[in-house]
1. Just need a number here: residues in region 31-55 that are touching a residue at least 24 places away in the same chain (Cβ under 8 Å) and loosely packed, with under 14 Cβ neighbours inside 10 Å.
2. Tally the residues that are in a strand (DSSP E or B) and in contact with a helix residue (DSSP H, G or I) (Cβ under 8 Å, 6 or more places away or on another chain), restricting the search to region 46-86.
3. Does region 9-24 contain at least one residue that is surrounded by fewer than 17 Cβ atoms within 10 Å (Cβ to Cβ), out of contact with any strand residue (DSSP E or B) (no Cβ under 9 Å at 6 or more places or on another chain) and at pLDDT 90 or above?
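The values are calculated or read from the model by the stated rules, or taken from the named source; none is laboratory data. Remember, it's a predicted structure, so these values are computed and weren't measured experimentally. Every residue, glycine among them, receives a Cβ derived from its backbone with ideal geometry; neighbour counts consider all protein chains shown.
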C-alpha cells in the first residue's frame, strides 16, 4: 500500500471516529441496469443506511471513472475509493 493510500485511510478512520461525514467514490464499469449494477446500488443503500448518515458513497457506473482494464489502477492511484471489476487477464 502506498504512503498516500495509508494517509487517506488514516484520515478516513479519524473522521469517522470524530463523527464527521465521509464521502467515498465507488466506480464500476458495468451499466447500473445489469445484475451486478443492481447489486452495487443495493449494497450502497444498505451501507449508507447502516452508517446513520456518517458515510456517503457516490456511485460512478458505466465506466465514467473506471473501466474493466483500469479499475484497480484507479483505486491504487486514489481516483476512486471503491471499485468493482474483473481482475486478471481481460480481453474485450
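1. So the answer is 3.
2. Within region 46-86, residues that are in a strand (DSSP E or B) and in contact with a helix residue (DSSP H, G or I) (Cβ under 8 Å, 6 or more places away or on another chain) number 6.
3. Within region 9-24 (the criterion being surrounded by fewer than 17 Cβ atoms within 10 Å (Cβ to Cβ), out of contact with any strand residue (DSSP E or B) (no Cβ under 9 Å at 6 or more places or on another chain) and at pLDDT 90 or above), the answer is no, since none of the residues qualifies.
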